[in-house]
Amino acid sequence: MLTLSRKDGTGGDIKKDPDDFIVREITGKGMILREGIKFTADVLGEEEVPEGKFTTFVLQKKGWETIRALLSIAKMLRRGRKSIGYAGVKDRASVSTQLASIYGVSPADLERIRIKDISINGAWKSNGVDMGSNIGNSFAIRVLGATAGRAEGILDELDGMFPNYFDSQRFGYRLNNFSVGLHLIKGEFEAAVMDFLTNTKNERNPESVEARERLAERHDFREAENYFPRYLRNEIAVIRYMAQYDNYVNSLRVLPRGITLMFVHAVESLIFNAALENRVRENVFDSERSCGSNAYGFPDIGVAAEKGEGFRLGSIVGYDTDERVLGEQEKEAMETLGITKDAFKVKGMPELSMRGTYRPLLSPFKDLSFAEQDGTIALGFSIPSGAYATVLVNEVTKASGTMLEEIAPELCK
């Protein structure tokens with residue numbers, strides 16, 4: 001990713017230990033959920049609903065993915081996947097605190113849960129927690145092995161704003177969510193399935209590499225049921241369907257819809273990133289849409305207005321995107337990929353169609369704290385929901401690779 005800051009970076013590493021990456025959700029009421037504190041609904045300004053069918057709780061976890069932690073809690077309480085709710089997903093390699101909810105369980109039962117590295121820091125009856133209901137997240141991050149004396153100048157240069165890229169988490173650990181998604185929106189369903197099953201880029205497990213390469217060579221779905229590693233559960237589900245029915249479109253439908261949507265989101269996200277990188281290169285952030293701020297000072301894209309004061313918005317392209325507000329950078333990226341906005345009305349899998357939306361081109365950061373000692377930089381800041389702390393940290397360290405070149409080199413200038 002091309003950085004907005006032009007100064008030399010500090011270098012250094014993050015996420016060596018979860019305790020070096022603290023994430024505190026900022027609730028819709030503007031309250032920061034700090035770790036190690038017991039909260040009540042009243043303290044957080046949340047509504048307590050004695051007759052509610054859900055229990056909202058403060059989840060603190062260390063080294064757990066949000067969804068996996070919640071599923072483990074639900075399993076202990078004999079509830080299913082559909083019973084859980086959360087505002088946003090927090091990084092696995094972190095200590096994070098956030099609001100979550102579960103259906104049909106009492107607060108007392110929740111607070112009796114004992115799972116290693118998970119704690120329930122308060123619970124109350126409610127109407128549940130909705131995705132996206134948080135304002136943002138507050139971070140305390142330690143950068144290890146950094147060069148002293150550079151960070152402060154970089155932060156001053158940024159002046160409270162950084163490029164609002166989607167980071168690598170959006171594109172999967174094999175960085176092939178984009179290529180699978182591009183096949184999907186082009187109607188190339190066989191290619192999408194085989195990319196999902198057999199792409200070995202960034203695959204580090206030798207057993208997985210061998211299985212994927214064998215299937216790519218032989219197309220032997222019946223045999224692949226036996227030799228694919230058991231931990232590749234989603235791949236095995238698709239393989240079993242293909243072995244029985246030989247239908248590429250419907251084999252993808254055995255995956256949770258969130259996964260297949262993620263593939264199409266990756267295409268939207270990479271187009272946004274490519275367009276934003278060009279804007280950063282040219283230092284031009286004008287656009288035809290803007291939005292104001294919420295009470296916390298973060299962008300409020302609920303109502304995107306004609307060009308005016310506030311945060312400039314870029315397009316997350318979909319089939320309903322207004323051609324009049326589509327930037328030249330987005331058009332150029334789509335032309336390079338051989339698609340138009342109509343491709344996001346996915347023929348053959350209409351449930352994956354995307355209307356399009358907006359995203360701030362630059363994200364604010366606030367509540368900044370900064371300290372250096374013995375090659376370690378301690379950073380504290382708050383950013384809006386949907387922005388990536390790792391992108392801001394990369395402005396300081398300049399340590400991330402060129403993700404666009406790895407995923408879609410044809411989009412690089």
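The values are calculated or read from the model by the stated rules, or taken from the named source; none is laboratory data. This structure is a prediction, so every number in the text was calculated from the model and none was measured. Glycine also receives a Cβ, built like all others from the backbone with ideal geometry; neighbour counts cover every protein chain displayed.
Counting only residues that are β-branched (Val, Ile, Thr) and closer than 24 Å to ILE26 by Cα, which one in region 291-329 is modelled with the lowest pLDDT? Write out each step before concluding.
So the first thing to find is which residues in region 291-329 are β-branched (Val, Ile, Thr), and the list is 301, 303, 316-317, 321, 325.
Pick out the ones that are also closer than 24 Å to ILE26 by Cα and you get 301, 303.
On the way: ILE301: 87, VAL303: 73.
My answer is VAL303.
Just to be sure, is GLY318 small (Gly, Ala, Ser) and either in contact with a Pro (Cβ under 9 Å, 6 or more places away or on another chain) or assigned by TED's automatic domain parsing to the domain that holds LYS82 (or both)?
Numbers: small (Gly, Ala, Ser): yes; either in contact with a Pro (Cβ under 9 Å, 6 or more places away or on another chain) or assigned by TED's automatic domain parsing to the domain that holds LYS82 (or both): no.
Against the criterion (small (Gly, Ala, Ser) and either in contact with a Pro (Cβ under 9 Å, 6 or more places away or on another chain) or assigned by TED's automatic domain parsing to the domain that holds LYS82 (or both)), GLY318 does not qualify.
For (1) of a type in the set (Phe, Trp, Tyr); (2) farther than 25 Å from ALA387 by Cα; (3) in contact with a strand residue (DSSP E or B) (Cβ under 7 Å, 6 or more places away or on another chain), each residue gets a yes or a no:
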residue	(1), (2), (3)
ALA100	no, no, yes
SER126	no, yes, yes
ILE135	no, no, yes
PHE139	yes, no, yes
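Conditions: (1) in contact with a strand residue (DSSP E or B) (Cβ under 7 Å, 6 or more places away or on another chain); (2) under 18 Å from ASN176 (Cβ atoms); (3) of a type in the set (Lys, Arg). ARG233 meets all but one. Number of the miss?
With respect to (1) in contact with a strand residue (DSSP E or B) (Cβ under 7 Å, 6 or more places away or on another chain); (2) under 18 Å from ASN176 (Cβ atoms); (3) of a type in the set (Lys, Arg), ARG233 is out only on (1).
Table: residues versus (1) in contact with a Leu (Cβ under 9 Å, 6 or more places away or on another chain); (2) in the same structural domain as TYR103 (by TED's automatic domain parsing); (3) hydrophobic (A, V, I, L, M, F, W, C).
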site	(1), (2), (3)
LYS38	no, yes, no
ALA41	no, yes, yes
LEU44	yes, yes, yes
GLN60	yes, yes, no
ALA74	no, yes, yes
ARG78	no, yes, no
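What are the residue pairs meeting all of these: first residue in region 66-83, first residue in contact (Cβ under 8 Å) with a residue 24 or more places away in the chain and among the aromatic types (Phe, Trp, Tyr), second residue surrounded by fewer than 16 Cβ atoms within 10 Å (Cβ to Cβ) and part of a loop (DSSP other than H, G, I, E, B), Cβ atoms under 6 Å, and 6 or more apart or on different chains?
Partner pairs satisfying both residue conditions: none exist.
How many residues does region 305-322 contain that are of a type in the set (Gly, Ala, Ser), within 22 Å of the chain's Cα centre (by Cα) and closer than 9 Å to CYS291 by Cα?
The total comes to 0.
Which residue, of ASN234, ASN273, is in contact (Cβ under 8 Å) with a residue 12 or more places away in the chain, more than 30 Å from VAL303 (Cβ to Cβ) and assigned to a helix (DSSP H, G or I)?
It is ASN234.
Of the residues in region 12-26, how many are in contact with a Gly (Cβ under 8 Å, 6 or more places away or on another chain) and crowded, with 16+ Cβ neighbours inside 10 Å?
Going through region 12-26, the residues in contact with a Gly (Cβ under 8 Å, 6 or more places away or on another chain) turn out to be 12-13, 18, 25-26.
Those left that are additionally crowded, with 16+ Cβ neighbours inside 10 Å: 12, 18, 25-26.
Of the residues in region 12-26, 4 are in contact with a Gly (Cβ under 8 Å, 6 or more places away or on another chain) and crowded, with 16+ Cβ neighbours inside 10 Å.
Checking the structure you have, find out if any residue of region 29-44 is in contact with an Asp or Glu (Cβ under 9 Å, 6 or more places away or on another chain), outside any loop (DSSP other than H, G, I, E, B) and crowded, with 22+ Cβ neighbours inside 10 Å.
Among the residues of region 29-44, not one is in contact with an Asp or Glu (Cβ under 9 Å, 6 or more places away or on another chain), outside any loop (DSSP other than H, G, I, E, B) and crowded, with 22+ Cβ neighbours inside 10 Å, which makes the answer no.
Is there any pair with a first residue in region 358-376 that is in contact (Cβ under 8 Å) with a residue 60 or more places away in the chain and on the phi < 0 side of the Ramachandran plot and a second that is outside any loop (DSSP other than H, G, I, E, B) and of a type in the set (Ser, Thr, Tyr) whose Cβ atoms are under 7 Å apart and which are 6 or more apart or on different chains, and what are they?
If the second residue must be outside any loop (DSSP other than H, G, I, E, B) and of a type in the set (Ser, Thr, Tyr), the pairs left are TYR358/SER315; PHE365/SER382; LYS366/SER382.
Are there any strands (runs of 3 or more DSSP E) wholly within region 281-347 with 3 or more residues that are surrounded by fewer than 19 Cβ atoms within 10 Å (Cβ to Cβ), and if so which?
Details: elements: 289-293, 299-306, 311-316.
The strands (runs of 3 or more DSSP E) meeting that bar are 299-306.
Can you pull out the residues in region 220-266 that are surrounded by 17 or more Cβ atoms within 10 Å (Cβ to Cβ) and either of a type in the set (Ser, Thr, Tyr) or touching a Cys at 6+ places or on another chain (Cβ under 9 Å) (or both)?
TYR241, TYR248, SER251, THR260
For region 208-216, does any single residue satisfy the condition of being aliphatic (A, V, I, L, M) and either in contact with a strand residue (DSSP E or B) (Cβ under 7 Å, 6 or more places away or on another chain) or surrounded by fewer than 18 Cβ atoms within 10 Å (Cβ to Cβ) (or both)? Steps first, answer last, please.
To start, the set of residues in region 208-216 that are aliphatic (A, V, I, L, M) comprises 209, 211, 215-216.
Checking which are either in contact with a strand residue (DSSP E or B) (Cβ under 7 Å, 6 or more places away or on another chain) or surrounded by fewer than 18 Cβ atoms within 10 Å (Cβ to Cβ) (or both) leaves us with 209, 216.
Yes, that holds for at least one residue.
When you go through ALA378, ALA387 one by one, which is the residue that is in contact with a strand residue (DSSP E or B) (Cβ under 7 Å, 6 or more places away or on another chain), part of a loop (DSSP other than H, G, I, E, B), modelled with pLDDT of 95 or more and among the aliphatic types (A, V, I, L, M)?
Values: ALA378 fails: part of a loop (DSSP other than H, G, I, E, B).
Answer to the selection: ALA387.
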